[in-house]
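One structure is given here, and the rest of the page talks about it.
The values are calculated or read from the model by the stated rules, or taken from the named source; none is laboratory data. Not measured: the values here are computed from a predicted model. A quick note on method: Cβ atoms are made from the backbone with ideal geometry, for glycine too, and the neighbour counts reach across all protein chains shown. Surface accessibility is based on the protein's heavy atoms, side chains included, excluding ligands, DNA and RNA. Shrake-Rupley method; radii C 1.70, N 1.55, O 1.52, S 1.80 Å.
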Amino acid sequence: VKPALLTPAPLRPPARRLLRSGLLEALATPHGVDRYLELLRGGRAPHDPRAEIVAVRRQSVGSVTLALRPNDRWRGFRAGQFVRLTVEIAGVRETRCYSPACGERVDGEIELTVKAHPAGKVSRYLNEHARPGMLVGCSEPEGEFVLPRQRPERLLLISGGSGITPMMSLLRTLRDEGHPSRVTFLHYARTKRHIPYRDELERIASSASNARLVLVCTREAGALKGHLSRRQLRQVAPDYARAHTYVCGPPSLIAAVRALWAEDGIEQPLWIESFLPPAFAAGGDGIPAHPDGSVYFARSGKRATNDGRCLLEQAEQAGLRPPFGCRMGICRMCTACKTAGSVRNALSGEISSGANEDIQICVSVPIGDVELTV
Ligand SMILES: Cc1cc2nc3c(=O)[nH]c(=O)nc-3n(C[C@H](O)[C@H](O)[C@H](O)COP(=O)(O)OP(=O)(O)OC[C@H]3O[C@@H](n4cnc5c(N)ncnc54)[C@H](O)[C@@H]3O)c2cc1C
Ligand code: FES
């Protein structure tokens, strides 16, 4: 029997050596060797952290769930961490962070659920175009939003909207471990149809006596209504002050939890994950109200009047497209070299004044004249 014509032949040793040498990468520019490998062989690249989308399903309104099989460089993750996913849209590589929703399993697959934002580039692209067989860049996992190795006695998980993903990962991991202590999961969504994993959550809650699930639909009638309040918390988790609490959701939910925890003087650990970058505006958080000087983007030769916002936004305003991932100082995708001038880190307040320093431009606000290799 003759082999099918389109079946890719196995690579011979010299070809493998060529692949490893990086020479092919150079020859393959501008697409990169992985793109050619995808076209030629439908195969996975050996040297880049990448993943293949192996299944796509739509389980709730406005989101898509992707099963990904990472390549051999994947070493697993801890529940609650995130990965940087890279896709090519109209010839431009875009990277965003996503928190796997699966448990810390070892079968090598990860699951992401991506909510489509109406004005969002990557989330809409994935919702509309993700298909089995598609290759994406997938970084190693990062982040500290994880469970302590010694699991806490009481756990309270609070999420809203797409913030459900790291909570699913924590919950599934605890379920798989047979975690014996109490876990309360409080989730906010617009309607029931907007809640991914609802059936599974209800199954977990009905089969595990130590798990309590409370779904609050802010736009539907239900036992609990509206947004998070002390009254709600007392109903759902009367012992919330004694629980280790994990929160992920929209800024309003995070702000409400922070305020309540501060007012009640709660000392138990509170872990917070935000999917949205904070706004760094002139006049706030130690950023000068009347910025002066200019920003010189050396690679492109462009100069802009310093308007007091972070350097990433000022670069975009000047028509540049520096790479970014999280826009909040956690993924380091936006790192650039500051060759002259001073910047303030909007998160830590730290000022860096040396020449030739690597800075994260998404959280760096210029103080006076600054020069960057962007
Ligand atoms: C650590 C971390 C983990 C994350 N995990 C997930 C996850 O599991 N699932 C998931 O769906 N998203 C997750 N995100 C958010 C994700 O990284 C992207 O920000 C989101 O998909 C939007 O990207 P985009 O390219 O579509 O929007 P962009 O093109 O970058 O933004 C366009 C506009 O969309 C709006 N927008 C962007 N993000 C949000 C948001 N989160 N909420 C409201 N409006 C927004 C803003 O108005 C923004 O100006 C995570 C973010 C971080 C930092
Ligand atoms: S974009 Fe993630 S650190 Fe700047």
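Here are the numbers:
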| quantity | calculated |
| --- | --- |
| Within region 323-346, considering residues that are closer than 21 Å to GLY368 by Cα and either among the small types (Gly, Ala, Ser) or in contact (Cβ under 8 Å) with a residue 40 or more places away in the chain (or both), the one farthest from ligand 1 (Cβ to nearest atom) | ALA340 |
| Inter-residue pairs, beta-carbon under 6 Å, first under 13 Å from LYS115 (Cα atoms) and near ligand 1 (Cβ under 6 Å from one of its atoms) and in region 87-102, second not charged (D, E, K, R) and not in a strand (DSSP E or B), 6+ apart | ARG96/VAL122; CYS97/GLY325; CYS97/CYS326; CYS97/CYS331; SER99/THR165; SER99/PRO166 |
| Scope region 65-86; condition within 19 Å of ASP48 (Cβ to Cβ) and either part of a loop (DSSP other than H, G, I, E, B) or within 10 Å of ligand 1 (Cβ to nearest atom) (or both); matching residues | ASN71, ASP72, ARG73, TRP74, ARG75, GLY76, PHE77, PHE82, VAL83, ARG84, LEU85 |
| Unique match (being within 16 Å of ligand 1 (Cβ to nearest atom), open to solvent by 30 Å² or more (accessible area, probe 1.4 Å) and either without any contact (Cβ under 8 Å) to a residue 60 or more places away in the chain or on the phi < 0 side of the Ramachandran plot (or both)) among ALA279, ALA289, ALA355, ALA298 | ALA279 |
| Index of the failed condition, GLN360 passing every other in (1) surrounded by 15 or more Cβ atoms within 10 Å (Cβ to Cβ); (2) of a type in the set (S, T, N, Q); (3) without any contact (Cβ under 8 Å) to a residue 12 or more places away in the chain | (3) |
| Residues of region 301-319 satisfying the condition of being within 16 Å of ligand 1 (Cβ to nearest atom) and of a type in the set (Lys, Arg) | ARG309 |
| Failed condition for PRO118, given (1) at pLDDT below 95; (2) farther than 19 Å from ARG327 by Cβ; (3) within 9 Å of ligand 1 (Cβ to nearest atom) | (2) |
| Subset of region 195-226 (residues that are acidic (Asp, Glu) and open to solvent by less than 40 Å² (accessible area, probe 1.4 Å)) | GLU200 |
| Answer from SER181, SER159 - the residue that is within 16 Å of ligand 1 (Cβ to nearest atom) and touching a residue at least 12 places away in the same chain (Cβ under 8 Å) | SER159 |
| Residues that are of a type outside the set (Lys, Arg) and either assigned to a loop (DSSP other than H, G, I, E, B) or within 16 Å of ligand 2 (Cβ to nearest atom) (or both), drawn from region 88-102 | ALA90, GLY91, VAL92, GLU94, THR95, CYS97, TYR98, SER99, PRO100, ALA101, CYS102 |
| Search result, residues across region 63-77 that are surrounded by 18 or more Cβ atoms within 10 Å (Cβ to Cβ) and either at pLDDT 95 or above or not hydrophobic (A, V, I, L, M, F, W, C) (or both) | SER63, VAL64, THR65, LEU66, LEU68, PRO70, ASN71, PHE77 |
| Residue, nearest to ligand 1 (Cβ to nearest atom), within region 121-135, restricted to residues that are open to solvent by 20 Å² or more (accessible area, probe 1.4 Å) and either among the charged types (D, E, K, R) or within 21 Å of LEU276 (Cα to Cα) (or both) | LYS121 |
| In region 258-275, the residues that are exposed (fewer than 11 other Cβ atoms within 10 Å of the Cβ) and not acidic (Asp, Glu) | ALA262, GLY265 |
| Pick from region 217-275, criterion within 16 Å of ligand 1 (Cβ to nearest atom) and hydrophobic (A, V, I, L, M, F, W, C), ranking: nearest to GLY325 (Cα to Cα) | PHE275 |
| Residue within region 143-155 that is free of Cβ contacts under 8 Å to residues at least 12 places away in the same chain and either under 23 Å from SER63 (Cα atoms) or open to solvent by less than 60 Å² (accessible area, probe 1.4 Å) (or both) present | no |
| Tally of residues being open to solvent by less than 30 Å² (accessible area, probe 1.4 Å) and either free of Cβ contacts under 8 Å to residues at least 12 places away in the same chain or within 16 Å of ligand 2 (Cβ to nearest atom) (or both) across region 103-120 | 1 |
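Conditions (1) within 12 Å of ligand 2 (Cβ to nearest atom); (2) within 29 Å of SER162 (Cβ to Cβ); (3) in contact with a strand residue (DSSP E or B) (Cβ under 8 Å, 6 or more places away or on another chain), marked per residue:
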position: ALA262; (1), (2), (3): no, yes, no
position: SER274; (1), (2), (3): no, yes, yes
position: ALA279; (1), (2), (3): no, yes, no
position: SER294; (1), (2), (3): no, no, yes
position: ALA315; (1), (2), (3): yes, yes, yes
position: ILE330; (1), (2), (3): yes, yes, yes
position: ALA340; (1), (2), (3): no, no, yes
position: GLU350; (1), (2), (3): no, no, yes
position: GLY368; (1), (2), (3): no, no, yes
